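The values are calculated or read from the model by the stated rules, or taken from the named source; none is laboratory data. Remember, predicted model here, so these are calculated numbers, not experimental data. In this analysis, Cβ positions are derived from the backbone assuming ideal geometry, glycine residues included, and neighbour counts consider all displayed protein chains. Just the protein is used for accessible areas: all its heavy atoms, side chains included, with ligands, DNA and RNA removed. Shrake-Rupley method; radii C 1.70, N 1.55, O 1.52, S 1.80 Å.
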Amino acid sequence: THNNEVPRHVFVGGNAFVLGILKDHREELGVIAPAAELAASVARTEDHLSKDTGTVEVKNARMAGGRFDFDVTVTSKSGHKLPTAYPSRRAWLHLVVRDRGGRVVFESGALGRDGAIKGNDSDTDPLKFEPHYTEITSPEQVQVYESVMADPEGRPTTGLLTALKFAKDNRLLPYGFDKRTADAQIAVHGEAEADADFVAGGDHVFYAMPLGDAQGPFTVSAELWYQPIAYRWAMNLKKYDAMEPQRFVGYYEQTAANSGVILAHAEATR
């Protein structure tokens, strides 16, 4: 075969966001890969994430005692925890409920243009983090699938050298994973450990929304989102007076609005 006919072997990861930064700032960073190749890698990565990562379903939408209730089931297609790799990665549920006029009457998990998730505690306070939920009744509650590291004093940290343990690890589990017998190094941590609906292959979350004066039918939109570099992981670098972290934070802030990818989407009307 001629050289231009040699098959190419491609590894598709999950970090389209950083690939985009490398493409947009390739000259400043000394990246030798052509912009077109980086753009193609971004497209392959986003395509893989949106087609092969997971599913989400809205079930049992119903009126109950002045509330609008529904269940959301997340299924992982991954052979490892989702998300995996570097602990800056997170996945979460974005739920929107609209009334018969199309007005938003409930929303949980909206991604802001700064890369922060509305209602997520760690994005507003570096010493807090969002717990794992079995039931969500407020827009300020967000189901975030992530690992949260803690330092020797038990405070959340994004520093690998200061991390001693996990304060939370509710990353979605692969099929075949038994959280009851898992080794301590890969165990589930936090409220998800006792959640009977958080099992190998997925999770089940109950949503209950007070109706108030809202009129149905209601349309529920459920999305499973993924972000390779969470807002807190970038913002914690701001305090370092050095060129490299300051440059990275600048890149993050320029492109944070596009830092997340929708992995799965579902709708239901009742």
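Things worth noting here:
- When residues of segment 248-270 are limited to those that are assigned to a helix (DSSP H, G or I) and of a type outside the set (Gly, Ala, Ser), the one farthest from residue 112 (Cα to Cα): 248
- Residue list for segment 59-83, filter: within 12 Å of residue 207 (Cβ to Cβ) and open to solvent by 30 Å² or more (accessible area, probe 1.4 Å): 59, 60, 62, 64, 67
- Restricted to segment 153-247, the set of strands (runs of 3 or more DSSP E) holding at least 1 residues that are touching a Lys or Arg at 6+ places or on another chain (Cβ under 6 Å), modelled with pLDDT of 95 or more and surrounded by 13 or more Cβ atoms within 10 Å (Cβ to Cβ) comprises 202-210, 219-227.
- In this structure, residue 248 does satisfy being aromatic (Phe, Trp, Tyr) and over 20 Å from residue 143 (Cα atoms).
- Residues satisfying the stated conditions in segment 121-147, i.e. free of Cβ contacts under 8 Å to residues at least 40 places away in the same chain and hydrophobic (A, V, I, L, M, F, W, C): 127, 129
- Looking across segment 64-87 at every residue that is touching a Leu at 6+ places or on another chain (Cβ under 8 Å) and part of a strand (DSSP E or B), the one that is nearest to residue 186 (Cα to Cα) is identified as 82.
- For segment 131-144, the criterion of being surrounded by 16 or more Cβ atoms within 10 Å (Cβ to Cβ) and charged (D, E, K, R) is satisfied by no residue at all.
- Answer from 19, 93 - the residue that is surrounded by 20 or more Cβ atoms within 10 Å (Cβ to Cβ) and part of a strand (DSSP E or B): 93
- Filtering segment 221-263 to residues that are over 30 Å from residue 51 (Cα atoms) and among the charged types (D, E, K, R) leaves 238, 239, 241, 244, 247.
- When residue 29 is tested against (1) under 20 Å from residue 234 (Cβ atoms); (2) within 21 Å of the chain's Cα centre (by Cα), just one condition goes unmet, and that condition is (2).
- Flag for residue 118 being under 18 Å from residue 15 (Cβ atoms) and within 14 Å of the chain's Cα centre (by Cα): no
- Search result, residues across segment 22-57 that are touching a residue at least 12 places away in the same chain (Cβ under 8 Å) and not in a helix (DSSP H, G or I): 25, 53, 54, 55, 56, 57
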